[in-house]
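The values are calculated or read from the model by the stated rules, or taken from the named source; none is laboratory data. Note that the structure is predicted; figures quoted are calculated from it, not measured. Note: ideal-geometry Cβ built from the backbone for every residue, glycine included; neighbour counts use all protein chains shown. Ligands, DNA and RNA are excluded from the accessible area calculation, which covers all protein heavy atoms including side chains. Shrake-Rupley method; radii C 1.70, N 1.55, O 1.52, S 1.80 Å.
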Amino acid sequence: MSGSGFVAVLVIDLHFGDTSSLKGKRKELSSIKAVLRRRLGAAVSEVDHHDRWQRATLTAALTGGSLAALTAAADRTERWLEARVPDGVRVERIVASVDELRD
């Protein structure tokens, strides 16, 4: 692989067991998305379960100039999510080089 960079896509399934309304879910989700964006540097979007008050699915993207740097950033993001929602998070990680995406 050349030095063209790497991208990680994280598919994040969240379960909010303590939330009892869409309003409560939105408050939690807004806070989570803000940290993912500002502190962890991810581009993030809610992609599923908009109308369910205890579930949400987010897609987050991270980029890096090296696979090691990208892996460290993705690991940091997953650890933060697991600490924030310890009983209700599952993360699927998809990593590709820019060259692979061009093919």
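Please report the net charge: other residues with Cβ closer than 13 Å to the Cβ of residue 53, K and R +1, D and E -1.
On the way: positive: 23, 25, 26, 27, 52, 55; negative: 18, 28, 51.
Computed value for this residue: +3.
May I ask you to give the solvent-accessible area per residue for the chain, in square angstrom, as obtained with a 1.4 angstrom probe? Walk me through the numbers on the way to the answer.
Numbers: 6050 Å² over 103 residues.
Averaged over the residues of the chain, the accessible area is 59 Å².
Normalising the Debye intensity of the chain to I(0), with uniform scatterers on Cα atoms only, and taking log10 at q = 0.10, 0.18 Å⁻¹ returns -0.29, -0.81. Heavy atoms only, probe 1.4 Å: what % of the accessible area of the range 14-62 goes to carbon and sulfur, would you let me know? Accessible surface attributable to carbon and sulfur in the range 14-62 totals 47 percent. Across the range 36-94 the C-alpha pair distances fall into 5 Å bins from zero in the proportions 4, 17, 26, 27, 16, 7, 3, 1 percent. Computed from backbone phi, the HN-Hα couplings of the range 12-25 come to 10, 9, 10, 10, 9, x, 8, 8, 10, 7, 4, 4, x, 4 Hz, rounded to whole numbers (Karplus: 6.51 cos²θ - 1.76 cosθ + 1.60, θ = phi - 60°; Gly and Pro given as x). The phi torsions of the range 48-63, fed into the Karplus equation with coefficients 6.51, -1.76 and 1.60 and a -60° offset, translate into couplings of 7, 6, 4, 9, 9, 8, 10, 10, 7, 10, 10, 10, 10, 10, 10, 10 Hz, rounded to whole numbers, with Gly and Pro shown as x.
Mean separation of Cα pairs under 8 Å and 6 or more residues apart, divided by the residue count, gives the chain a relative contact order of 46 percent.
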